[in-house]
Amino acid sequence: MRLPRHPLAARTAVAAGTLLAAVGLLAGPAAAAPAGTPPAAGTAVAAAPGDTVIQGTSVLARGQAWYSPDGRTMLAMQGDGHAVLYHDGAAIWTARGSYGVGNELYMQADGNLVVYDAGMRPVWNSRTHSHPGAHLAIQNSGNMVVYYGSTPLWWSNFRPGGPGDPEEPECQPRPGRLCP
């Protein structure tokens with residue numbers, strides 16, 4: 001499945017609006033921060049030239065997306081509940097089990113990336129809890145990574161126990177096949 005390309009300005013506006021709404025809902029009124037302070041939780045900022053950093057307590061609701069700095073990589077929480085990573089319009093990763101039931105994707109303050117259903121039950125997670133301050137990076141290269149400081153904890157082509165892990169066999173989408 002390929003998504004139509006949208007002008008960068010539209011993507012930036014949607015991402016900024018989504019971000020402002022999420023921050024406003026989670027944090028309430030915010031006081032101005034002195035120059036040089038790190039961004040508040042729930043914000044997305046460009047860290048390295050090829051990364052957009054999503055801090056803990058950020059939420060991606062159905063119909064919303066986060067983009068890499070060049071706009072070619074997009075993490076979308078689709079209207080059908082599926083959390084999908086796209087690069088150049090092609091689906092390259094999906095949160096297995098989120099199709100049809102996923103409601104929101106959270107980058108939590110404990111470092112875990114989680115898709116919840118409408119009843120706030122987790123349907124997929126990155127297993128990176130117990131790492132407060134970890135963040136999600138959406139990269140120009142088409143990858144997304146949960147980092148704790150500069151240490152990668154999970155990435156979009158990560159397989160927990162290696163190929164064929166019976167406990168959590170992550171789906172591996174390829175042309176013509178998306179994960180359920």
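Any read-out appearing in this document is the output of simple, stated calculations on the displayed coordinates, not a laboratory observation. What you see is a predicted model, and the numbers here were worked out from it, not measured in a lab. Methodologically, a virtual Cβ is constructed for each residue, glycine included, from the backbone with ideal geometry; neighbour enumeration extends over all protein chains shown.
Points to keep in mind about this one:
- Panel order for MET74, MET120, MET107, by other beta carbons found within 10 Å of each beta carbon, from fewest to most: MET120, MET74, MET107.
- ASP117-ASP88 FRET efficiency (beta carbon distance; Förster radius 22 Å; 0.05 resolution): 0.15
- The stretch between ALA61 and ASP80, if pulled fully straight at 0.36 nm per residue, gains 5.7 nm over its current Cα-Cα span.
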